Each structure stands twice: as C-alpha cells, then as structure tokens.
Amino acid sequence: MPDTSPRPISAVPRRLRLITALAAAGLVAVMTVVAVLLKSSTTGVVSFHTSDQVAMVGLGLALGAGVLLVGRSRVEADADGIRVRNVVMNHELPWAAVQAVRFDEHSPWATLLLTNDDELAVSAVQAADGERALVAVRGLRALLADHQARHAVPREDLLYPRE
C-alpha cells in the first residue's frame, strides 16, 4: 500500500529576503562611505578621529544585521507538527493545536488559527511570493487535514459521549 501522507513543507519569504539583503548591503555601503568622508569633514568645531570612522562602520553593520533579521522567517511542517520562525520568536506546535491555516485574500501573510482561538502569523508565507505562497499554504492545509483525518473523533462519540 503506497504512502499517501502529504510531503513535509519548508518555506521562506523569497522576495522579502532579497529586499532585506539589498537594503542591508546598501545601508552598510552608505555608512562606510560616510565613515570614509567623515575624516575630511571640516566643520570647524568638531574634529573626527579614526575611532569615529570605525564606529560608523560598526553602526552600519549593526543596522544591516537588524534589517536582515526581518527576512529570517521560516516555516517547516511535517506529519508531527509545525515550526514557525518569525522575526524574533520561534513557535513549535503539534497539529492538534492548529484549527485552520488561513490565507485571506488581502492578507500580507498566512496565519494559523489555533484551537484556543489565538492566531499565529506565518510571515514566511507572504502574498508577495505569489505561487510559492499558495503551494506552501496548500501543503500546510494538506498536512493539517491529514492529521485531522488520522485523529478524528468518531461521529457516534460526538453524539453519545462515553462516561
């Protein structure tokens, strides 16, 4: 009998990663140029030193790293559960905690509706990624449906609960 369970899903926000990488590189480049030109500035009252130039480059690197954090989102899911990494928070959930995978028409990213009525943003699945996002959402929904089918409560147990 062939295995018909859905395949594991892994998704990252492609377009957002490209944009954040370009923005971070631009930020570091601008701060480096400012640092190089800082020494030759003649404001009269303020005098800049090599340490100020190094600090400007360091600030550019720190700001660039902060911009890159925005693009680190990722979602991975398999039959056991789903792991969501957003900008700074990681969530690992079993499928039993997920009620639905939502991707509303004008929503910028997918969300998980949890069984406790909370919502969890899945910023790795972004509308800007177009078809990639749809494939990821369909895969997540297939994994959730597979889990719900394997762990369904029989209909008669709902009508006549056991005591």
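The values are calculated or read from the model by the stated rules, or taken from the named source; none is laboratory data. This is a predicted model, so every value here is computed, not measured. Cβ sites come from the backbone with ideal geometry, for glycine too, and all protein chains shown count toward neighbours.
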remark   = Considering region 1-44, residues that are out of contact with any Gly (no Cβ under 9 Å at 6 or more places or on another chain) and of a type in the set (Val, Ile, Thr), and then whichever is modelled with the highest pLDDT, we arrive at Val33
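Hey, among Asp52, Asp104, which residue is part of a helix (DSSP H, G or I) and either free of Cβ contacts under 8 Å to residues at least 12 places away in the same chain or surrounded by 13 or more Cβ atoms within 10 Å (Cβ to Cβ) (or both)?
One residue alone meets the criteria, Asp52.
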remark   = Only unsatisfied item for Asn116, checking (1) touching a residue at least 60 places away in the same chain (Cβ under 8 Å); (2) over 15 Å from the mean Cα position of the chain (by Cα), is (1)
remark   = Every listed condition ((1) charged (D, E, K, R); (2) free of Cβ contacts under 8 Å to residues at least 60 places away in the same chain; (3) assigned to a strand (DSSP E or B)) holds for Glu76 save (2)
request  = Determine whether region 75-97 contains at least one residue that is assigned by TED's automatic domain parsing to the domain that holds Leu134, aromatic (Phe, Trp, Tyr) and at pLDDT below 95.
outcome  = yes
